[in-house]
Each structure stands twice: as C-alpha cells, then as structure tokens.
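Below: one structure, written as structure tokens.
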Amino acid sequence: MEDAPSDDAAFDDRIARRLRALRGERGWSLDALAARSKVSRATLSRLENAEVSPTASVLGRLCAAYDITVSRLMYLVEEDFSPLVQRGAQAVWVDPRHDFHRRLVSPPARALGGEVLECRLGPGTRIAYDAPPRSGLEHHLVLVEGGLAVTVDGREHILAPGDCLRYQLRGPSVFATPETVAARYLLFIL
C-alpha cells in the first residue's frame, strides 16, 4: 500500500500542474519557455513533472516569463478560496536551498491584485531575481526583525528593523542577509 503524499509533495504536484497549464495556455513549447525564462529545458520538464521543487529564483524567472507574480501563481495553485485565512491555513512555500520561507498572508482572491507576504530569509543568504514578475509592481517592504540588504535599480538599501523600503520593481533585484543574521519581513505588493 502506497503512503499518501505529504502536504509539501501535494503542493509541489499542484505547482507542477499549474506550471504545465500556464505553458499550455500560451501554446509555448518547453524550448520557447526556456528561451523566455532562462531556465533550462531539462529543469522545466522536471518541474512540470514534480520531480523537483522550484527555487525562489527559478519561480521568479518563470513568473516573469508568464507576467504574473509568484503570489498570483500560488493563488492559482490553491484549491479553496475564502475572504479570511487563519494563520495556520496560510500557504507557506519553502526554498530550502536558500533557507527562504514565504507565507502568503493575504486571503486568495483571483480578482484582487494586492497581496501581503511574510518572508524569512536565513543568515548569509542571497537571492537574486533577474526580472520582476511584472514590470512596475509597487512594493512596500517592512523589515520586522534581523538585517536585510535589498538592491533595486542597481542601488543597495540596508534595512534595520522597522524600516520600510518602497519601490517599483522594473529590473533585477537582490535580497541578502548578513552572515550571522536572519531577516523576517513583510512585503506588500500592489
């Protein structure tokens, strides 16, 4: 008798199906998506077959190619939609390679564009995104605890707890923590 898939495996399966559906809706081949996203064809195939879990950087590239946010992808993956989501029921996605935890705080709503994320980035971690999921997205990043450097438009911003960085994302960005300090922050995307 086979074991039932874990919640993480089931979520990865839903992400894989959604990624496959997004590519199919656009009529793109794996090669076409690889060219648009700068993610190898082999990796795309493995992601769409749920053989591997995507990293934050890869999801960022794919969402940029599809012109959606990562949170929007997560909304599309969720099975149920409610105006209230208790903390224990909020979707959490983990990128173990980067010690990155991303909680989707906002209740899923396909018709609404704004969203709130709670993120945790481990000490000595650096995540670089080649492009925004959609150019011009407005971000309000509030550092709750720890230390964080955010590079936007080629300019590095060093944040301390309580600081808020407001920007429109149009190009590459980098999120980095000091070697011995983690960061927990809230990200409001409009």
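Every read-out reported here was derived from the displayed coordinates using simple, explicitly stated rules and does not represent laboratory data. Keep in mind the model is a prediction, meaning the values are calculated, not measured. Cβ sites come from the backbone with ideal geometry, for glycine too, and all protein chains shown count toward neighbours.
Which of Arg18, Arg97, Arg36 moves most in a GNM of the chain, Cα contacts under 10 Å?
Among Arg18, Arg97, Arg36, the largest GNM mean-square fluctuation belongs to Arg97.
What are the ³J(HN,Hα) values, in whole Hz, obtained from phi via the Karplus relation 6.51 cos²θ - 1.76 cosθ + 1.60 with θ = phi - 60°, for each residue of the stretch 19-27 in sequence order, with x given for Gly and Pro?
After applying 6.51 cos²θ - 1.76 cosθ + 1.60, I find 4, 5, 5, 4, 5, x, 4, 8, x Hz.
What net charge is computed for the residues neighbouring Pro132, neighbours being all others with C-beta under 13 Å from the C-beta of Pro132, Lys and Arg scored +1, Asp and Glu -1?
Every neighbour counted, the sum reads 0.
Hey, what number do you get for the chain at 222 nm if only DSSP H runs of n ≥ 4 count, each worth -39500 (n - 2.57), divided across all residues, to the nearest 500?
-9000 deg cm²/dmol
By the gyration tensor of its Cα atoms, with a ≥ b ≥ c the square roots of the eigenvalues, what is the shape of the stretch 28-169: rounded for a/c under 1.5, prolate for a/b over b/c, or oblate?
On the way: a/c = 1.56, a/b = 1.20, b/c = 1.29.
Oblate shape, in that a/c is at least 1.5 and b/c is the bigger or equal ratio.
Note down the net charge around Pro161, summing +1 for each Lys or Arg and -1 for each Asp or Glu among other residues with Cβ under 15 Å from its Cβ.
Within the 15 Å Cβ shell, the charges total -1.
Any idea what angle helix 56-66 forms with the longest principal axis of the chain, computed on alpha-carbon atoms, 0 to 90 degrees, nearest 10?
Between helix and principal axis, roughly 70 degrees.
Read phi for every residue in the stretch 47-53 and hand back ³J(HN,Hα) as whole Hz from Karplus 6.51 cos²θ - 1.76 cosθ + 1.60, θ = phi - 60°, with x for Gly and Pro.
Computed from phi, the couplings for the stretch 47-53 are 5, 5, 9, 6, 7, 9, 8 Hz.
When the Karplus curve 6.51 cos²θ - 1.76 cosθ + 1.60 is applied with θ = phi - 60°, which whole-Hz ³J(HN,Hα) does each residue of the stretch 154-160 get, with x for Gly and Pro?
x, 10, 8, 10, 9, 10, 10
Name the residues whose placed amide hydrogens come within less than 5 Å of the amide hydrogen of Val105, ignoring near sequence neighbours (fewer than 5 apart) on the same chain.
Those qualifying (amide H under 5 Å, at least 5 residues apart or on another chain) are Val116, Leu117, Glu118.
Working out 0.36 nm times the residue gap between Asp13 and Val181, then minus their Cα-Cα distance, what length gain in nm do you get to one decimal?
57.2 nm
Quick check: the distance between the Cα centres of the stretch 131-190 and the stretch 43-65, to the nearest angstrom?
Distance between centres, Cα-based: 22 Å.
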